[in-house]
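First the structure, in the form of structure tokens, and then the observations on it.
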Amino acid sequence: MEEAENVSAKSSQDGTGTPAVSSPMTGPGEAGLPGARSTEAGTADTAPADTAAAPANTRNTGPGRLLIAVYAVFAISATARAGYQILTKFSEAPLAYLLSAFAAVVYVVATVSLAKPGRTAFKVSVVAVLVELVGVLVVGALSVFDSVNFPHETVWSLFGRGYGFIPLLLPILGLIWLYRRRPAPLKA
Amino acid sequence: MDAYFYIILVVGLLSTIICVAAGIMKKAPNDTTILSVAAVELSLVVYLVGSVVRVASGEQIAGEPWEFWGYLATALLLPIGAVYWAILERTRWSNFVLAAVGVTALVMAARMNQIWY
């Protein structure tokens with residue numbers, strides 16, 4: 001499902017035939033930048049289908065795909081775990097399990113926004129990944145220094161030790177990737 | 001840890017090593033890497049069939065049964081998703097996506113063993 005959306009969105013990227021960017025200011029190089037996001041995937045029909053010329057969204061190809069895949073695995077496992085904890089033993093540690101649920105939401109948002117092309121999705125990705133980084137650092141530190149109040153496991157406990165420290169590594173790699181593939185500044 | 005776990009341990013690690021090596025060698029996903037992931041799927045199917053037989057013959061799962069089956073169902077979907085993805089974009093990076101399947105299946109099989117016993 002998501003793949004198909006990506007593909008159609010990608011092709012709509014190439015023909016950014018929106019009035020704002022069809023001025024002579026934008027050369028052929030700029031036309032395909034991720035920032036020039038069409039409002040609907042359906043506009044692909046009206047846009048010239050020139051897939052080979054300009055690189056469209058570059059965040060969900062190459063290493064980005066690996067990043068999205070790992071985020072997806074964490075989104076699924078964190079959601080399942082939080083759902084299980086809340087449904088079966090929520091009263092034991094409401095704070096820890098709400099944190100679990102929060103982490104799950106952050107991973108889902110990060111996965112979806114990383115896979116989506118466009119400037120808005122880029123901003124959402126940055127926020128989600130930053131929240132994830134802060135979350136893993138704060139929860140990790142709290143679970144180390146205040147283990148009495150944080151005895152229950154979350155994805156971010158002990159800096160994600162239960163998950164091979166991948167939760168700590170992932171936002172750092174995510175930020176590097178997002179920085180390297182940041183959209184070009186908007187042209188007036 | 002039972003035999004099913006060790007099968008997935010060996011197959012999953014081999015698959016991961018093959019896929020990582022192919023990724024490092026800058027190869028696109030090929031028959032070798034995709035078949036190695038298919039082998040992971042096959043060993044998970046063996047786990048599924050074995051577990052169904054064991055439950056049908058009266059064995060009890062110590063932990064939450066639905067948690068066990070949830071893990072197994074998710075694990076079964078992973079190789080399919082990864083291969084689908086690797087076919088959509090045939091670059092070396094897809095081999096790293098494929099490589100993630102083996103390790104993930106291994107971790108999930110370990111968890112399934114914990115739930116069962």
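The values are calculated or read from the model by the stated rules, or taken from the named source; none is laboratory data. These numbers were taken from a predicted model, which means no experiment stands behind them. Backbone-built Cβ (ideal geometry, glycine too); neighbour counts: all protein chains shown.
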* Structure fact -> B:Y84 vs (1) exposed (fewer than 15 other Cβ atoms within 10 Å of the Cβ); (2) away from chain A (no Cβ under 14 Å): all pass except (2)
* Which numbered condition A:T120 misses (of (1) touching a helix residue (DSSP H, G or I) at 6+ places or on another chain (Cβ under 6 Å); (2) among the hydroxyl-bearing types (S, T, Y); (3) away from every other protein chain (no Cβ under 14 Å)) -> (1)
* Quick one: how many residues across the stretch A:61-98 are more than 9 Å from chain B (Cβ to nearest Cβ), out of contact with any His (no Cβ under 9 Å at 6 or more places or on another chain) and in contact (Cβ under 8 Å) with a residue 40 or more places away in the chain? -> 5
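Just to be sure before I move on: is B:G63 surrounded by 13 or more Cβ atoms within 10 Å (Cβ to Cβ), within 16 Å of B:A110 (Cβ to Cβ) and over 18 Å from the mean Cα position of the chain (by Cα) in the structure I sent?
For B:G63, the condition - surrounded by 13 or more Cβ atoms within 10 Å (Cβ to Cβ), within 16 Å of B:A110 (Cβ to Cβ) and over 18 Å from the mean Cα position of the chain (by Cα) - is met.
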* Structure fact -> Among residues of the stretch A:158-188 being assigned to a helix (DSSP H, G or I) and touching a residue at least 60 places away in the same chain (Cβ under 8 Å), the residue nearest to A:T120 (Cα to Cα) is A:L178
* To do: Test A:A141 against the criterion of being under 17 Å from A:A75 (Cα atoms), modelled with pLDDT of 85 or more and among the hydrophobic types (A, V, I, L, M, F, W, C), and give yes or no.
  => no
* Determine the pairs where a residue that is on the phi > 0 side of the Ramachandran plot, located within the stretch B:17-42, has a partner that is charged (D, E, K, R) with Cβ atoms under 6 Å apart, the partner being 6 or more residues away or on another chain. => B:K26/B:R92
* Structure fact -> Exactly one of A:V109, A:V148 is in a helix (DSSP H, G or I) and either touching a Lys or Arg at 6+ places or on another chain (Cβ under 7 Å) or of a type outside the set (F, W, Y) (or both), and that one is A:V109
* Condition check for B:A39: over 20 Å from A:V70 (Cβ atoms), surrounded by fewer than 16 Cβ atoms within 10 Å (Cβ to Cβ) and away from every other protein chain (no Cβ under 13 Å) -> no
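Quick grid of which residues meet (1) within 11 Å of chain A (Cβ to nearest Cβ); (2) modelled with pLDDT under 85; (3) in a loop (DSSP other than H, G, I, E, B):
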position: B:L35; (1), (2), (3): no, no, no
position: B:Q60; (1), (2), (3): no, yes, yes
position: B:W69; (1), (2), (3): no, no, no
position: B:F96; (1), (2), (3): yes, no, no
position: B:V103; (1), (2), (3): yes, no, no
position: B:A109; (1), (2), (3): no, no, no
